[in-house]
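First comes the structure, then the notes that go with it.
FYI, it's all coordinate maths here, none of it is from the lab. None of the values given here were measured: they were computed from a predicted structure. Please note: Cβ atoms are built from the backbone with ideal geometry, for glycine as well, and neighbour counts cover all protein chains shown.
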């Protein structure tokens, strides 16, 4: 019996905002799926198993900390191809690969694409549980970041057109008087708009507002905003 099984009651599952983490397992070998399901339960987490990649993709996305334990060889969709789909459709779900045959080329591709671990069967239970724990930590971080970004975008969406103009200029370093000249309004009006911006963005300080603007700009650069999201222009 492995150390992980002996100490299973001492392992603490990861929690975030009262949501239960879930470990997805995709493998066409039923006995291996059942074995992994038992190990994951011993580690203190919920699991959901699938016999194919398409079964997994058909499962509704849950906004909870999660990870995917994935066999490289699947009957319908290649494990690496599924990894690509997950990276786009479920970027907050890190991947752990498992294989029966050593393949340096495949393992390198998987790791370069962001896989947390690439394990050969048979593997030590503790290594897999440690990899799951790391995946769930990363998933928590990704979900928290997404929530913060959505909150920022919602706050930004509440700004008027003029308030967005003022915000863009003040975070670029212009003084209130310079902003007024740029927009053709009085300094007093600039101060009023600036106050509204601080309040609507829930910024505790000017430095915090600058960080928010940088975060919004960065997120906008990293990914194209969907049509239902506000366009950020700084």
If you wrap a convex hull around the C-alpha atoms of the chain and split its volume per residue, what is the figure in Å³? 146
Measuring from the longest principal axis of the C-alpha atoms of the chain, the long axis of helix 30-43 (C-alpha) lies at a number of degrees, nearest 10, equal to 60
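Cut-off is 10 Å between beta-carbons; in what order do 111, 167, 201 appear when sorted fewest neighbours first? Working shown, then result.
On the way: 111 13, 167 27, 201 21.
Exposure proxy ranking, most exposed first: 111, 201, 167.
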Convex hull over the Cα atoms of the range 158-222, averaged projected area in nm²? 4.2
Could you tell me how far the Cα centroid of the range 120-162 sits from the Cα centroid of the range 165-225, in Å? 28
How far is helix 187-200 tilted off the main Cα axis of the chain, in degrees rounded to 10, range 0 to 90? 20
Mind pulling the angle between the C-alpha long axis of helix 79-89 and the longest principal axis of the chain? Nearest 10 degrees, somewhere in 0 to 90. 30
Please report, in whole Å, how far the alpha carbons of the range 15-86 spread along each principal axis, starting with the longest. 35, 25, 16
Can you tell me which of 33-46, 208-221 comes out highest on packing, and rank the rest after it, using the mean Cβ neighbours within 10 Å? 33-46, 208-221
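Out of every Cα pair in the range 59-130, what percent are spaced more than 19 Å from each other? Numbers along the way, then the final one.
Working: 810 of 2556 pairs.
Value for the range 59-130: 32 percent of Cα pairs lie more than 19 Å apart.
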Please state the Cα pair-distance histogram of the range 49-183 with 5 angstrom bins from zero: what percent is in each bin? 2, 9, 15, 16, 14, 9, 6, 6, 6, 6, 5, 3, 2, 0, 0
For the range 3-147, what proportion of DSSP beta bridges, expressed in % and rounded to the nearest 5, is antiparallel? 5
